[in-house]
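*Asks:* Quick one: structure below, then a few questions.
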Amino acid sequence: MKFTKSYEPGEFEPQIYAEWEKTGVFQPRKIVAESYEAETQDCYSVVMPPPNANGNLHIGHGLTIALEDSLVRYNRLRGKSTWYVPGADHAGFETWVVYERALEKQGRTRFEYSRDELYARVWQFVQEQRGNMELQLRALGASCAWPDLTFTLDENVVSRVYQTFEKMWNDGMIYRGEKLVNFCPKHQTAFADIEVEHKDEEGKLWEVAYQLVSVPEDMIDSASDFTKREIVVSTTRPETIFGDTAVAVNPADERYQDMIGGLVKLPLTERVIPIIADEHAEMEYGTGAVKITPAHDFDDFEVGERHGLERIRVIGEDGKMTAAAGEKYAGLTTEECRKQVLENLEAQGLLRGEKKITHAVAHCYKCGAVIEPMLKAQWFIDVKRLAKAAIEHLERGEIKFHPANKKKVLINYLEGLKDWNISRQIPWGIPIPAFRQTETQDAPEWIFDIRTNLQKIEVGGVHYYRDEDTFDTWFSSSHWPVVCTNWLPGKENPYYPLNVMETGADILFAWVARMIMMGVYVTGEVPFREVYLHGLVLDEHGQKMSKSKGNVINPMELVTKYGSDAFRLGILRGRSAGMNQAFSENSVMAGRNLCNKLWNISRFIQGMVDESHSGSVVAAEMIQAEAEAEVVNEGAVQAGAELPYSTDNMGEDWICRELTACKDEIEDDMANYRFSEAVETLYSVIWDKYADWFIESQKIYKNVPLLKMTLEMILKMLHPFAPFVTEAIWQSLSWTEGLLIVQKWPTRLVFDAVSAQNFESLMVVVSETRRVLTELSGASKGKKWTLLYGDDSLVDDNQLLLTKLTGVASVISCEGQPRGLRLALVNHEVYLDVPAEIVAEYRDNLEQRILSVGRELDALNLRMMNPNYVDKAPAALVKQTRDGIAEKTALIERLKGELRVIE
RNA sequence: GGGUCGCUAGCUCAGUUGGCUAGAGCAUCUCGUUUACACCGAGAGGGUCGGGGGUUCGAGUCCCUCGCGACCCACCA
C-alpha cells in the first residue's frame, strides 16, 4: 500500500473490517468447552446491550460501541482472550408498536388474527427489516464475535427464561393476582411501573356533593336533620363516580366525625355507599373527603382492600365506559363521559366548586396516552426476595459502579421495589409458559408447561389452555449476561461474571437492576464485576435529541463523512461516566484531524525508512554524522539497560520518557474507565510531543530504528480508540507484519532521565525564541536573525537543532561579546542578534515582562513570609517556592540589565 | 414529597487524594508557500471557577447556605 497525501477512511475501513472478521481475530481464543480449565485472569468478556434487530443505530449506540469496543480492543492487545458478544433485540413492545402501525396502514387490526398468526407475521416483518443494524455495528468497528450473536428470541434464551420461570414457580415467587395494573388503552397492554411516565399536568379538582341518607344510630340525635345534609368530596376524575364504593374521610378529621359509618347516595345513580374513615384521606387536601373507586385508582384499590369494598369496573380496556356505568354513559369515552357527568351534576346542583391544580398524570411512554389503572389478572413476581439478595451482594461491594454514586441510587430503588407485573398483552414476545384449566380468561387452576407452541395441551387426561400473554421483555433480557456467555449450572465458565456491563444510565433500574437480581437468583453470583453507565448524548446546545426538535444526529452520517475513527474519538472526548453531555460535529472533526495527522506522521517516517535503504542514504547519513559530531551526549543510558536502538540525542530520550508516561497514563485511565482522559493523553502525545518536537528534531538526527519502534508503540496505544486508521497504517508500513489488532501492548521504554530533561530545557529556549521573533516581526518582517549564545554548553551542542526549530539564520557563539536582545531565560545565555533600534522597540515588552515576573515573585515571597506555610506545608513544596524565588529574582535582574543596555 | 447531578474561557468540557502562574478541543486575532500534514505550522488574546459564609499555611477541589438549571423516583384524590 502507498501513503496518499491525506487519510481517506472510506478507502480502508470496509476491507480492514472484513479482514479482521475473516481471520477470526474477534473470536475469543479460549472457548467454553467441556474440558476447559478456568483461567479467569486471561479472559475478558463484555456483552453488547442488544440493539433493536429491525432498527437503525442511533447516537447512543454509537457511544456504547465506542466505549465497549475500546475496552475490548485494549484488553485484546493486553493479551486477554476477549469475548465481545453481539446481540439483537426482538424489542417486544417497540417492534410491536411499529408493526401494528404498519398493520393499521393496511386498514387492518390485530383483532383479525390469532396470537400465533400475529407472531408469525411479526417474525417475518423483523426478518425483512433485519440486517441494517448489524452492518452499522461493523461500520463502527465493533470487534465482536459474530458467530455468537444472540437474538433475544433464540431457543437458548427462551429455554433459559422458562427454566427461571419454573424455578420461581416452584419457589412460590410467582403468583397470579387480580390487581390494578398500568394499562395503555391505545396499545391494549399492561405495563410495569417502570414503564410509565409521570408528567406534571394542569388539571381540575372538582367538588361534588353527596347527599347523606343515613347516619350511625348513636349519632342520630346530633344529626337529626341529616336528610338535608351532605358531604362534599374532591375529585379529579368525576367520570369514575359510577365505580365509587365509599367516601373516605380522615379518622382524625373533626368535621366529619359524626358522619363516619353513615351512608350517602351516589349522585347520578341510585346506589348508596358508606362513609368510611381511612388515613388515606388528607384533611388539608380539597374538602378532606375523597371518593373511593377501587377498580380505577391505585390508592383507592388499597383502601378498598383494607375495608373490603367492592370493585366496580366502569372503564373497559378499550378506554370506554362499561355497562356498569349505566346505560346513559356506557360506550362513551372517558372524556365524553366526564363532560356529561359534570353537566348533569351541575344541573342537579351538586357541583360545588372547581379549581385548577397541577398533578402528576401517568402516560404510556410510547404513545403518550393516559395510562388507565385497570383491574386485571396478571402474573406477578414477588421481587422482595430477589431484591434482598441483590442488595446483599451490592452491599458486599461485589460490583463496582462508574459513576460510583449509582450504586447508592440502585440500592435505594431496590429497597422500595414493588411486585413486578410480567404479563403483556402483545403477541410479539416470549409466550408465558402457563396453561389454565378453562377456556375463559380466569381459572382457579394454572399449570406450568413449556409447550407454548400449542394453544391447548393435555395433562393427565385434562385439557389446559395457554395463557395468551407474553413476558415483559425485561424479564427475558434480565438473563442477558447468563445467556450470552452460555452459563450452565455446575460448569466452570471463565466468561461469567462479565468483566464489565456497559450501558445507558437511563436503564439502570429497568435493566441493570433486573440483571443483577436475576443473575444472583439463577447463578448465585452477580452477573458482572463492574458497571459503566454512560449518560445521554445531547445536541451541541445541551438539548435532548428528538425527532420533533429536529436535532437528531445520525452517527452513520458522521462515519461516512469523517470516518469511523473520527466518530469514535469525537464521541469519547469530553465525556465522563453517567453524565448527559453535549456533542457536536466539531469534536468529530478534531478526531478526523488527528487521524490525518497520524497518517502523515507515518507517511513521513515511511519516507525516512525508504530513504535509508536507497541511494539517498548517503545524504541522510552525512547529515546524521554532522549532527553527531556536534553532539556531546552527556546523559549515559541507564546501566544494564538494553535498548533495541541507540539514543543519539536528547530528543530521543525525551520521547521515550514521554511515550512511557503516556502508556502508564492510559493504563491507569482504562483501569478507571476514564476514556476521555486516555484519548486526551494520546492526542497530546501524538500531536504536541511526537509530531511537533520529536519528528521535527528527527529531521536533523535520524534514528530510523527508534522512529519505527516509537511509531509502532503509538499505533498500538491508539488502536483501541481509532482501530481503522491505526490498522491501515500498520498495513501500509513496509516493515510491519501481521494484523495490528492482535499485536502485543507496548512495554516501558528505557531512557536517560538527565538527557530527557535537557531536551525539555532546550524546548524552553526554542519557545522563547519563537515568541520573541513573532513579537519583533512587525518592525522587521521577513528578516532572518542570528541567535548568539554565551557560556551555554547545551545550546552549543545543539546549534543545528535550534536553527531548524526556531527558523533563525544560524546559531553561533557570541565569543564573549554579547550583543542584541537577551532572551528572558533563567538557565540560558542566549541573545537575538538584532540591531540596537529593534532592541529599543522591544523596550515596552521588556518592561511589561519585568512587571509580570515581579508580580509572580511577590506572590511567592508573600507565601514564604507566612511562618505557618513554612512550618506546615510539605518540605518539597517549600523548597520549590524557594527555588522559584531565586529563579525569578535572577530573571528580573537580567531583564533589568537589558533595560539598562537599551537606555 | 424523596433523591441524584450540574453551574470553570465565546461554546462544549477536563481539572483523580486540597499545593507551582486553573487546562484542552472548537471559535477569535496575528504571522507563515521551512520538501509529513492548510484535515498544516508558529504565536496571541480570553476565566474575580454561580453568590455568600466557614475549615485550612493554602480551596475550583472539603463543609454550610442561597440562587439557577437538568434529571430520576413517588399513589397525593
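*Asks:* Taking segment A:799-855 as the region of interest, how many residues are without any contact (Cβ under 8 Å) to a residue 12 or more places away in the chain and in a strand (DSSP E or B)?
*Replies:* 0
*Asks:* OK, next. Determine which member of the set A:V126, A:V122, A:V97 is touching a Phe, Trp or Tyr at 6+ places or on another chain (Cβ under 8 Å), buried (at least 16 other Cβ atoms within 10 Å of the Cβ), assigned to a helix (DSSP H, G or I) and hydrophobic (A, V, I, L, M, F, W, C). Let's see the steps before the verdict.
*Replies:* Numbers: A:V126 fails: touching a Phe, Trp or Tyr at 6+ places or on another chain (Cβ under 8 Å); A:V97 fails: touching a Phe, Trp or Tyr at 6+ places or on another chain (Cβ under 8 Å).
Result of the check over A:V126, A:V122, A:V97: A:V122.
*Asks:* Across segment A:337-363, what is the total count of residues that are at pLDDT below 90 and within 14 Å of RNA strand B (Cβ to nearest atom)?
*Replies:* 12
*Asks:* Here's something else I'd like to know. Looking only at segment A:547-558, count every residue that is among the β-branched types (V, I, T) and within 14 Å of RNA strand B (Cβ to nearest atom) and tell me the total.
*Replies:* Here is the first cut: in segment A:547-558, the residues among the β-branched types (V, I, T) are A:552-553.
Narrowing further to those that are within 14 Å of RNA strand B (Cβ to nearest atom): A:553.
So the answer is 1.
*Asks:* With the requirement that a residue be buried (at least 17 other Cβ atoms within 10 Å of the Cβ) and more than 30 Å from the chain's Cα centre (by Cα), what does segment A:190-210 give you?
*Replies:* Hits for segment A:190-210 are A:W206, A:E207, A:V208, A:A209, A:Y210.
*Asks:* Here is a follow-up. Just for segment A:235-252: of the residues that are near RNA strand B (Cβ under 9 Å from one of its atoms) and more than 45 Å from the chain's Cα centre (by Cα), which one is nearest to A:Q340 (Cα to Cα)? Before the answer, list the steps.
*Replies:* First pass over segment A:235-252, keeping only residues near RNA strand B (Cβ under 9 Å from one of its atoms): A:235-237, A:240, A:248-250.
Remaining after also requiring more than 45 Å from the chain's Cα centre (by Cα): A:248-250.
Values: A:A248: 25, A:V249: 27, A:N250: 30 Å.
Result: A:A248.
*Asks:* Identify, please: which residue in segment A:241-263 is over 21 Å from A:E302 (Cβ atoms) and among the aliphatic types (A, V, I, L, M) and is, among those, surrounded by the fewest Cβ atoms within 10 Å (Cβ to Cβ)?
*Replies:* Narrowing segment A:241-263 to residues over 21 Å from A:E302 (Cβ atoms): A:254-255, A:257-259, A:262-263.
From what is left, the residues that are among the aliphatic types (A, V, I, L, M) are A:259, A:263.
Working: A:M259: 24, A:L263: 20.
Looking at residues that are over 21 Å from A:E302 (Cβ atoms) and among the aliphatic types (A, V, I, L, M), I get A:L263.
*Asks:* While we're on this one: Could you say which residue among A:S697, A:S684 is within 14 Å of RNA strand B (Cβ to nearest atom), free of Cβ contacts under 8 Å to residues at least 60 places away in the same chain and either in a helix (DSSP H, G or I) or not aliphatic (A, V, I, L, M) (or both)? If you could, list the steps in order and put the result at the bottom.
*Replies:* On the way: A:S697 fails: free of Cβ contacts under 8 Å to residues at least 60 places away in the same chain.
The conditions single out A:S684.
*Asks:* Between residues in segment A:395-409 that are touching a residue at least 12 places away in the same chain (Cβ under 8 Å) and of a type in the set (A, V, I, L, M, F, W, C) and residues that are assigned to a loop (DSSP other than H, G, I, E, B) and away from RNA strand B (no atom under 12 Å from the Cβ), which pairs lie under 8 Å by C-beta distance while being six or more apart or on different chains?
*Replies:* Close Cβ pairs (under 8 Å, with a partner that is assigned to a loop (DSSP other than H, G, I, E, B) and away from RNA strand B (no atom under 12 Å from the Cβ)) amount to A:I399/A:V526.
*Asks:* Please specify each residue of segment A:44-55 satisfying the condition of being surrounded by fewer than 24 Cβ atoms within 10 Å (Cβ to Cβ) and within 18 Å of the chain's Cα centre (by Cα).
*Replies:* Residues of segment A:44-55 that are surrounded by fewer than 24 Cβ atoms within 10 Å (Cβ to Cβ), as a first pass: A:49-50, A:52-55.
Those that are surrounded by fewer than 24 Cβ atoms within 10 Å (Cβ to Cβ) and within 18 Å of the chain's Cα centre (by Cα): A:P49, A:P50, A:N52.
*Asks:* Go through segment A:547-558 residue by residue and tally those that are in a helix (DSSP H, G or I) and crowded, with 17+ Cβ neighbours inside 10 Å. Outline the logic, then answer.
*Replies:* First pass over segment A:547-558, keeping only residues in a helix (DSSP H, G or I): A:555-558.
With crowded, with 17+ Cβ neighbours inside 10 Å added as a condition, the list becomes A:555-556, A:558.
Qualifying residue count for the region: 3.
*Asks:* Right, something else. Which of (1) within 11 Å of RNA strand B (Cβ to nearest atom); (2) touching a strand residue (DSSP E or B) at 6+ places or on another chain (Cβ under 8 Å); (3) hydroxyl-bearing (S, T, Y) does A:S852 not meet, given it meets every other one?
*Replies:* Only one criterion is unmet by A:S852, namely (2).
*Asks:* Just one of (1) free of Cβ contacts under 8 Å to residues at least 40 places away in the same chain; (2) in contact with a Lys or Arg (Cβ under 8 Å, 6 or more places away or on another chain) trips up A:E737, so point out which.
*Replies:* It is condition (2) that A:E737 fails.
*Asks:* Scan segment A:812-822 residue by residue and report those that are closer than 19 Å to A:S761 by Cβ and modelled with pLDDT under 85. Spell out how you get there, then give the answer.
*Replies:* Here is the first cut: in segment A:812-822, the ones closer than 19 Å to A:S761 by Cβ are A:813, A:822.
Once the filter is applied, which keeps residues that are closer than 19 Å to A:S761 by Cβ and modelled with pLDDT under 85, segment A:812-822 yields only A:R822.
*Asks:* Go through segment A:267-304 and report how many residues are within 13 Å of RNA strand B (Cβ to nearest atom) and exposed (fewer than 14 other Cβ atoms within 10 Å of the Cβ).
*Replies:* Number satisfying all stated conditions: 4.
*Asks:* Also, quick follow-up: So which residues in segment A:569-618 are hydroxyl-bearing (S, T, Y), surrounded by fewer than 15 Cβ atoms within 10 Å (Cβ to Cβ) and near RNA strand B (Cβ under 8 Å from one of its atoms)? Spell out the reasoning first.
*Replies:* Of the residues in segment A:569-618, the ones hydroxyl-bearing (S, T, Y) are A:576, A:584, A:587, A:602, A:612, A:614, A:616.
Those still in the list that are surrounded by fewer than 15 Cβ atoms within 10 Å (Cβ to Cβ) too: A:584, A:614, A:616.
If the condition is that a residue be hydroxyl-bearing (S, T, Y), surrounded by fewer than 15 Cβ atoms within 10 Å (Cβ to Cβ) and near RNA strand B (Cβ under 8 Å from one of its atoms), then A:S584 is the only one that fits.
*Asks:* What number of residues in segment A:172-181 are touching a helix residue (DSSP H, G or I) at 6+ places or on another chain (Cβ under 9 Å), surrounded by fewer than 22 Cβ atoms within 10 Å (Cβ to Cβ) and under 15 Å from A:L375 (Cα atoms)?
*Replies:* Residues meeting the conditions: 1.
*Asks:* Also, I was wondering about something else. Test A:E415 against the stated conditions and say whether it is within 14 Å of RNA strand B (Cβ to nearest atom) and acidic (D, E). Before you say what the answer is, go through the steps one by one.
*Replies:* Details: within 14 Å of RNA strand B (Cβ to nearest atom): yes; acidic (D, E): yes.
Considered against the rule, which asks whether it is within 14 Å of RNA strand B (Cβ to nearest atom) and acidic (D, E), A:E415 comes out as yes.
*Asks:* Of the residues that make up segment A:468-477, is at least one assigned to a strand (DSSP E or B) and out of contact with any His (no Cβ under 9 Å at 6 or more places or on another chain)? Lay out the reasoning, then the answer.
*Replies:* Within segment A:468-477, the first condition is being assigned to a strand (DSSP E or B), and the residues that meet it are A:470-471.
Next, only the ones that are out of contact with any His (no Cβ under 9 Å at 6 or more places or on another chain) stay: A:470-471.
Checked segment A:468-477: at least one residue is assigned to a strand (DSSP E or B) and out of contact with any His (no Cβ under 9 Å at 6 or more places or on another chain).
*Asks:* When you go through A:K561, A:K544 one by one, which is the residue that is near RNA strand B (Cβ under 8 Å from one of its atoms) and either touching a Leu at 6+ places or on another chain (Cβ under 7 Å) or outside any loop (DSSP other than H, G, I, E, B) (or both)?
*Replies:* A:K544
*Asks:* Do we find a residue being at pLDDT 90 or above, of a type in the set (S, T, N, Q), closer than 30 Å to A:E11 by Cα and away from RNA strand B (no atom under 11 Å from the Cβ) anywhere in segment A:740-751?
*Replies:* yes
*Asks:* Go through segment A:494-538 and give me each residue that's more than 16 Å from RNA strand B (Cβ to nearest atom) and of a type in the set (V, I, T). Please lay out each step first, then the result.
*Replies:* If we filter segment A:494-538 for residues that are more than 16 Å from RNA strand B (Cβ to nearest atom), which is where we start, we get A:494-502, A:515-516, A:518-530.
Result: A:V500, A:I516, A:V520, A:V522, A:T523, A:V526.
*Asks:* Sticking with this structure for a sec: Got a number for residues in segment A:862-884 being within 7 Å of RNA strand B (Cβ to nearest atom) and hydrophobic (A, V, I, L, M, F, W, C)?
*Replies:* Residues meeting the conditions: 2.
The values are calculated or read from the model by the stated rules, or taken from the named source; none is laboratory data. Just so it is clear, the structure is predicted and the values come from calculations on it, not from any experiment. Positions of Cβ are generated from backbone atoms using ideal geometry, with glycine treated the same way; all protein chains shown enter the neighbour counts.
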